[in-house]
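First up is the structure itself, then whatever we jot down about it.
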Amino acid sequence: MTKRMAVFPLVLSAPSGGGKTAVRDGLLKDSRFGFSITCTTRAPRPGEINGKDYYFVSKDEFLSLRKDGKLLEWAEVHGNYYGTPVKSVKDVMDSGKIPVMTIDVKGAASIRKIFDDAVTIFIIPPSPKILKKRLELRGESAEGMKVRMNTAREEMKQAHLFDYLVINDSLDAAISDVIKITETEMLRMCRNKYLSDLFSKDL
Ligand code: 5GP
């Protein structure tokens, strides 16, 4: 067993505007991580690419993926459907990389039930004021801002359910914190595997 072999789902959740996409993009520069692309029925934002940021699907396509058991988990967020294709996670794990899953709080709870070795991280903005500013910069409408700030308040109440909290006050520091957490968890899993192999042998 080498350290590289300890792959486990890494879940990053954050309120909209919390910065999880930027943290994810930073992690993906490290070849130990791979992105588990999810699908959504929402329209692409300017600059978003189908098959890179999301698989953009119609509501009918989404419902048939769900019916055929092709989604590991799904949730309705801000009136749109989002779901993690089983294949997205499997492909990344099969390539020996850690699948980075940027999903909402409900999705994180589902993944925790499916994979008991999943590591969950909640990324929080330094303050509600900064979160509001980030949403404004992203060009959210007044209505969109209201919905996202309300969801953010609700999601923050779930922060204690995550294994780790990372405060995203500096992007580089947040990325480095997530890498440190991952490396620590890799070592812990290698230790657990080593011990279970050791004790399964006749001493
Ligand atoms: P956005 O529309 O801002 O890209 O995403 C809205 C929310 O949906 C974010 O919290 C995002 O992480 C979450 N999300 C994206 N894909 C999935 C998914 O496959 N499953 C779940 N549960 N949430 C997702």
Item to complete: Go through Leu187, Leu165 for me and flag whichever is away from the ligand (no atom under 14 Å from the Cβ) and outside any helix (DSSP H, G or I).
Response: Leu165
Worksheet item: So Ser176 fits all but one of (1) open to solvent by less than 70 Å² (accessible area, probe 1.4 Å); (2) assigned to a helix (DSSP H, G or I); (3) over 26 Å from Phe115 (Cα atoms); (4) of a type outside the set (A, V, I, L, M, F, W, C); what number is the exception?
Response: (3)
Discussion item. Checking the structure you have, find out if any residue of the range 4-16 is surrounded by fewer than 16 Cβ atoms within 10 Å (Cβ to Cβ) and not aromatic (Phe, Trp, Tyr).
Written reply: yes
Worksheet item: Which numbered condition trips up Thr41, out of (1) within 22 Å of Met156 (Cβ to Cβ); (2) open to solvent by less than 50 Å² (accessible area, probe 1.4 Å)?
Response: (1)
Item to complete: May I ask you to list pairs of residues, at least six apart or on different chains, whose Cβ atoms are under 7 Å apart, with the first in the range 6-21 being of a type in the set (Val, Ile, Thr) and the second being more than 12 Å from the ligand (Cβ to nearest atom) and assigned to a loop (DSSP other than H, G, I, E, B)?
Response: Val7/Gly96; Val7/Lys97; Val11/Ala118
Practice prompt. Please give the number of the condition Val100 fails out of (1) out of contact with any Lys or Arg (no Cβ under 9 Å at 6 or more places or on another chain); (2) in a strand (DSSP E or B).
Written response: (1)
Worksheet item: Given the conditions (1) of a type in the set (Lys, Arg); (2) without any contact (Cβ under 8 Å) to a residue 12 or more places away in the chain; (3) within 25 Å of Ile175 (Cα to Cα), and given that Lys67 satisfies all but one, which numbered condition is not satisfied?
Response: (3)
Worksheet item: If you take the residues of the range 121-150 that are among the small types (Gly, Ala, Ser) and part of a helix (DSSP H, G or I), which of them is nearest to Leu12 (Cα to Cα)?
Response: Gly144
Discussion item. Given (1) more than 11 Å from the ligand (Cβ to nearest atom); (2) open to solvent by 30 Å² or more (accessible area, probe 1.4 Å); (3) part of a loop (DSSP other than H, G, I, E, B), identify the lone condition not met by Arg112.
Written reply: (3)
Worksheet item: In the range 1-87, which strands (runs of 3 or more DSSP E) lie fully inside it and hold 3 or more residues that are in contact with a Lys or Arg (Cβ under 9 Å, 6 or more places away or on another chain), within 8 Å of the ligand (Cβ to nearest atom) and more than 30 Å from Arg191 (Cα to Cα)?
Response: 71-77, 80-85
Practice prompt. Name, by its number, the condition in (1) modelled with pLDDT of 95 or more; (2) open to solvent by less than 50 Å² (accessible area, probe 1.4 Å); (3) out of contact with any Asp or Glu (no Cβ under 6 Å at 6 or more places or on another chain) that does not hold for Asp68.
Written response: (2)
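The values are calculated or read from the model by the stated rules, or taken from the named source; none is laboratory data. Note that the structure is a prediction, hence the values are computed from the model and not measured. Here the Cβ is made from the backbone with ideal geometry for all residues, glycine too, and neighbour counts use every protein chain on show. Only protein heavy atoms, including side chains, enter the accessible area calculation; ligands, DNA and RNA are left aside. Shrake-Rupley method; radii C 1.70, N 1.55, O 1.52, S 1.80 Å.
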